[in-house]
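The next block holds one structure in the form of structure tokens; read it before the comments.
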Amino acid sequence: MTYGPANPLVVFTPSGKRGRFPVGTPVLQAARELGVDLDSVCGGRGICSRCQITPSYGEFSKHGVVAEEGALSEWNSVEQRYKDKRGLKEGRRLGCQAKIEGNIVIDVPAESQVHKQVVRKDADDRVIELDPATQLFYVEVREPDMHDPSSDLERLKEALKEQWELDDLIADLRIMQGLQRALRDGKWCVTCAVHFGRRRQRGRIVSVWPGFYEGTIYGAAFDIGSTTVACHLSDLRTGKTVASAGLMNPQIRFGEDLMSRVSYSMMNPEGAAQMTTAVREAINVLLGQVAAQGLIDIEDILECTFVGNPVMHHLLLGIDPVELGGAPFALAAGEGMVFWASELDITNANPDARVYTLPCIAGHVGADAAAVVLAEEPYKSEEIVLIVDVGTNAEIVLGNKDKLLACSSPTGPAFEGAQISCGQRAAPGAIERIRIDPDTKEARFKVIGCDLWSDDPGFEAATASTGVTGIAGSGIIEAIAEMRLADVIDIDGVVRGNLCEKTNRVFSEGRTFSYLIHEGAQRIMVTQNDVRAIQLAKAALYAGCQLLMDEMGIEQVDRVTLAGAFGAHISPMHAMVLGMIPDCTVENVRSAGNAAGTGARIALLNAAKRSEIEQIVTQIEKVETAIAPKFQDHFIEAMAIPHKTAPYPRLRKIARIPDTAPSPPPGTGEGGRRRRRTRA
Ligand code: FES
């Protein structure tokens, strides 16, 4: 018996797509015809439950449809069987089973959408549309027939074409080797994982399971930094991150920073291979860890994406990075590339997993910078955005939707606490915040792991287990910026020795002076050499930014984004007082957290984004700091704190930077100057 009008009106929410369909049309079919995003792995056979929908009946709906009771066919035995076996939420129906019989509004819940919006925790209101490169398809394959000879693979492809409109698929030897067993074990029904090429041109069958594959498939996004390697495991069906893990990059034993690793490769015939082995081992360890954490089988990891600077990128791929050590910094290969996991010795994943490496921007601006660009999308911005990924080698991108420029700048490891007398990595007990009273020159601070300031009651008890052990990278930036604001150091970064008479916080160490932050089990101070190391690093960073601004023909930027794990903890105001970044309205300076890792995750969850970043990278203009004549001039001017000539008007509205005269050179003073004049 039919019910309602001959061609009832169906409205899908949240898309709002609507159309009229003959009575008896399955909801899944109607959704497909309208291009509504309703998932299905089993092709409407009532096995996968991906097609769940929520019909709404009753009153005149706001969508202009009188949704009628009984506008869907009755609950059927397939739905009942599914509900008994796996459970189905109250009010839900299977879209492939429920047929349209009257006007109706049908809601497609988020978990039933193929292109779900995955909310990014690291950036408010930003979402990643789920559209992974590897997807699952269930098919029923024709049995072999003496009278119509064809191979199992031919009939599998035929089924994928007929049932899913997947044409022109390819399969590799390993698939063929396992196909006979899978088809017969599954009684001629199999689930295929198909990996689509970067531009969705030609799909490749990468895995076949007998029958309907009940499980889910996973992908791992890697950010290979020179210091740490981080991995996030995501469910490719829901986009959720199910586990994360990180390790120190074991290549550190071959050299602390990038150049020392390139040198190691130059000096040792097996050097590059050793470093490749080390990083690949770390990748396998991390895959093992995230699989254990997420309680999943490593066989279910079918995708990996990788980002890293050019040296890390080459070493991952087993390419000697020696050419990246000097001009013209030629990459062996820098485009986005796809490999078998086994080609990179990745053993803790499905042997048929596919690996995607994001493109490098240039020989000195890597896939990590491309990933930051993908995460931050400056190419969609009207405003001019400056993105700074602070690390041992800062990668800088400047521009907007009309033009993007990129460079890298050799900041060295000072920002990460290396070369700093009391520097340490960010860990409980490390100072991360500091304030200095401009009048008394007294310091108070906060350490990681404790919310109290050092002058709050209870601070000592709260930090008894960790102690106060050193200064983290963000802490050293604040310390030196605060020293400048309190006039403990002058514009040239010289610790004012004459303060010795007023405060015992400033004390002499040979010919220079230091500032004492904390006296305890460990003496925590900032020495003149520490200030110098930070000045060199920040001057290199600023000079890189300035070079890009020159190239762009602008004198100020609208926004600054600090990327990198370290960038997440930097106080924007202090970064400007120090002169790390150009002047900007402080509210427009934000931290993007680990944007490179986010970019790797975006590329993992959305195949179209791979094409997008590959295209954008070709449009980014590369600026070479090493050969730019103005870099040195900018560098020298940027040694001053905040800067020799840049006026920083927007910063000066919120911070009072002392303009007292620079300190006299050490060992001089009035007498010293007189002596010099006498000699002259
Ligand atoms: Fe698989 Fe409906 S499409 S259960």
(request) Assess whether Lys441 counts as being part of a loop (DSSP other than H, G, I, E, B), over 25 Å from Asp455 (Cβ atoms), modelled with pLDDT of 90 or more and in contact with a helix residue (DSSP H, G or I) (Cβ under 8 Å, 6 or more places away or on another chain). (result) no
(message) When you check Arg656 against the structure, is it assigned to a loop (DSSP other than H, G, I, E, B), at pLDDT 90 or above and among the charged types (D, E, K, R), yes or no?
(response) yes
(request) Identify, by number, the condition in (1) surrounded by 24 or more Cβ atoms within 10 Å (Cβ to Cβ); (2) hydrophobic (A, V, I, L, M, F, W, C); (3) farther than 26 Å from Gln135 by Cα that Phe329 doesn't meet. (result) (1)
(message) I'm checking my understanding of the structure. Among residues of the range 405-426 that are under 18 Å from Gly391 (Cβ atoms) and aliphatic (A, V, I, L, M), which one is modelled with the highest pLDDT?
(response) Ala406
(request) Please go through the range 77-96 and pick out each residue that is assigned to a loop (DSSP other than H, G, I, E, B) and either more than 13 Å from the ligand (Cβ to nearest atom) or of a type in the set (Gly, Ala, Ser) (or both). (result) Gly87, Lys89, Glu90, Gly91, Gly95
(request) Please give the strands (runs of 3 or more DSSP E) falling wholly within the range 223-331 in which 3 or more residues are in contact with a helix residue (DSSP H, G or I) (Cβ under 8 Å, 6 or more places away or on another chain) and either at pLDDT below 95 or of a type in the set (Gly, Ala, Ser) (or both). (result) 228-235, 241-248
(message) Here is a list: Ser514, Ser508. Which entry is part of a strand (DSSP E or B) and surrounded by fewer than 20 Cβ atoms within 10 Å (Cβ to Cβ)?
(response) Ser508
(message) Among the numbered criteria (1) surrounded by fewer than 20 Cβ atoms within 10 Å (Cβ to Cβ); (2) assigned to a helix (DSSP H, G or I); (3) in contact with an Asp or Glu (Cβ under 9 Å, 6 or more places away or on another chain), which one does Leu536 miss?
(response) (3)
(message) Here is a list: Gly58, Gly70, Gly24, Gly16. Which entry is at pLDDT 90 or above, among the small types (Gly, Ala, Ser), more than 13 Å from the ligand (Cβ to nearest atom) and in a loop (DSSP other than H, G, I, E, B)?
(response) Gly24
(message) If I filter the range 85-108 down to residues being at pLDDT 90 or above and acidic (Asp, Glu), which single residue comes out as surrounded by the fewest Cβ atoms within 10 Å (Cβ to Cβ)?
(response) Asp107
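One line per residue, one yes/no per condition, for (1) without any contact (Cβ under 8 Å) to a residue 12 or more places away in the chain; (2) surrounded by 21 or more Cβ atoms within 10 Å (Cβ to Cβ); (3) in a helix (DSSP H, G or I):
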| residue | (1), (2), (3) |
| --- | --- |
| Cys584 | no, no, no |
| Glu587 | yes, no, yes |
| Ile602 | no, yes, yes |
| Ile613 | no, yes, yes |
| Glu624 | no, no, no |
(request) Within the range 539-579, work out how many residues are at pLDDT 95 or above and in a loop (DSSP other than H, G, I, E, B). (result) 5
(message) Can you confirm whether Val139 is at pLDDT 95 or above, part of a strand (DSSP E or B), out of contact with any Lys or Arg (no Cβ under 7 Å at 6 or more places or on another chain) and surrounded by 22 or more Cβ atoms within 10 Å (Cβ to Cβ)?
(response) yes
(request) Under 6 Å between Cβ atoms, at least 6 apart or on separate chains: pull out the pairs that start in the range 64-91 with a residue that is hydroxyl-bearing (Ser, Thr, Tyr) and end on any residue that is at pLDDT 90 or above. (result) Ser73/Ala98; Ser73/Lys99; Ser73/Glu101
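The values are calculated or read from the model by the stated rules, or taken from the named source; none is laboratory data. Quick caveat: nothing in here was measured; it's all calculated off a predicted structure. As a convention, Cβ positions derive from the backbone with ideal geometry for all residues, glycine included, and neighbour counts pool all protein chains shown.
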